[in-house]
Amino acid sequence: MRDVAQRLRRLLFIVPYVAKHPEGVAVDQLAKLIGAERDELLADLDLLSQVGPPDGDPGEYLLVSVEEGRVFVDLAHRLTRPLRLTPAEGCSLLLGIRTLRESGIAPFDAAMQSAEKKLLSALGRDANEAQSLATSTVVAEPDAAVATHLRTLVTSARQRQRVEIDYVSASRHQSEHRPIDPYGIVHHAGEWYVVGYCHNRGDVRTFRIDRIASLKLAGERFDRPADFDLEAYRRERLYVPSADAVTINVHLDSLAVTRVGAAWPVGEVTMNDDGSAEILIDSEGLEWVTGWVLQFGRHAWIVGPDEARAAMRDRIARVRSLAS
């Protein structure tokens, strides 16, 4: 009975102690800490790997592993937060944080820096691999004017400040002065949009931010309608491609698919047996699609149409000329 009680105390200590160390704990260090022989510890770990809810499947059991002489414990979904991020998932988050920090778009620099530190800490032993993936990924830089307009519009929408813009629509070649009440900012199919009430048209309209020639604060405040739902507006108004959209077929190998993770752009995705995938993307213009494909290097390419393949070749040539 005494041996059983001692073993139970060891088991109750091991789980929370090792779970608090995402980088793992050395086997010999842990054995010394609990006052057990190495073989006893390994037997305890084997027993822990069979712990789970009575009505659960093996996926809900404790995940106990010994890798390269270190012990790792991940608690099941019912007992704690989700399992550790994979290096590819960590890479995706790092790229997003760093891109926002460097773009000047998000006025939350200190928060972004803190978030990056917390992310690397949460990744534990996978932090170096995630950073390596992020470093080797090419990210297209945002246009400086778009970044400036974005920063102003994000702030204006949050503070309910009316703005005045000179806007060039797709059907005209000259700008039109428009006072608007910015309700919010959305990103869709590679482009940034401001959604707001246009005083010239007397209705809610959507404006592509890269078509704003100039922008200034009007010095007036506005009240956004209480029933306005920005996400619902985005789904209903921006999902359907315009008549000018081009359908582009992109092939991604298995590594590129891993890097994408769950962050696929809007499009029809077909997964292949070898882990690769193809996606059909409807997009106005080719600048965003070529930039998106470029970030995957030789692991992704445009299958068609020919005009998109030509645009991809031109984009690569531009990048090479800048690097030389």
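The values are calculated or read from the model by the stated rules, or taken from the named source; none is laboratory data. As the structure is a prediction and not an experimental result, all values here were calculated from the model. Areas reflect the complete protein model, heavy atoms only, side chains present, ligands, DNA and RNA absent. Shrake-Rupley method; radii C 1.70, N 1.55, O 1.52, S 1.80 Å.
Surface listing: PHE296, PHE228 arranged by accessible area from highest to lowest gives PHE228, PHE296, probe 1.4 Å. Straight-distance candidates among the lysines for linking to LYS32, with alpha-carbon spacing under 25 Å and chain neighbours fewer than 8 residues away dropped: LYS20.
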